[in-house]
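The values are calculated or read from the model by the stated rules, or taken from the named source; none is laboratory data. Quantities reported herein were computed from a predicted structural model and do not represent experimental measurements. Neighbour counts run over all protein chains shown; Cβ positions are idealised from the backbone, glycine included. Quick note on the areas: whole protein, heavy atoms, side chains included, nothing else; ligands and nucleic acids left out. Shrake-Rupley method; radii C 1.70, N 1.55, O 1.52, S 1.80 Å.
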Amino acid sequence: MDYYCADHYGYVIGEEARKFISKSIEMAKKNRSQMEEVYRSTRDIDGTAQKLISSFYKENPSYFLSPEIFLDVYRQMVRHIASVIEIK
C-alpha cells in the first residue's frame, strides 16, 4: 500500500497518496496565480492578504487557523510575490 505522511494534516493512503505531490504542486501554482492577480490589481500587500483570507474563510469557515494568524502567513507570501513582481 502507498502512504504519504505529512508533518501537518496527518497522512493519506492509496490513490490519494500517489497523487498527493502532483495535486499539491497544481494547487500551489493556482494559489500563486491568484495571489499575483490580486496583488497586481491592488498593489497593496496588506489589502491583498486581507482580500485573500476573506475569500478563503468564506469557503472554509471552520479552518483550524485563526484569521489573524492566517493573515500574517498570507502577508508574508504576498510580500515575497510583490518583491518578485516589482523587480520585473
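Structure above, values below:
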{"quantity": "Residues of region 65-88 classified as more than 14 Å from the chain's Cα centre (by Cα) and either open to solvent by 80 Å² or more (accessible area, probe 1.4 Å) or under 30 Å from residue 10 (Cβ atoms) (or both), total", "calculated": "5"}
{"quantity": "Long-range neighbours under 6 Å by Cβ, at least six apart or interchain, first residue under 20 Å from residue 86 (Cβ atoms) within region 24-41, second open to solvent by 90 Å² or more (accessible area, probe 1.4 Å)", "calculated": "38/51"}
{"quantity": "Single residue of 23, 51 found to be surrounded by 16 or more Cβ atoms within 10 Å (Cβ to Cβ) and charged (D, E, K, R)", "calculated": "51"}
{"quantity": "Failed criterion for residue 14 (all others in (1) open to solvent by less than 80 Å² (accessible area, probe 1.4 Å); (2) within 15 Å of the chain's Cα centre (by Cα); (3) not polar (S, T, N, Q) hold)", "calculated": "(2)"}
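Residue-by-condition table, conditions (1) at pLDDT 95 or above; (2) in contact with a Phe, Trp or Tyr (Cβ under 9 Å, 6 or more places away or on another chain); (3) under 17 Å from residue 75 (Cβ atoms):
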position: 5; (1), (2), (3): no, yes, no
position: 8; (1), (2), (3): no, no, no
position: 13; (1), (2), (3): no, yes, no
position: 17; (1), (2), (3): no, yes, no
position: 25; (1), (2), (3): yes, no, no
position: 28; (1), (2), (3): yes, no, no
position: 33; (1), (2), (3): yes, no, no
position: 46; (1), (2), (3): yes, no, yes
position: 52; (1), (2), (3): yes, yes, yes
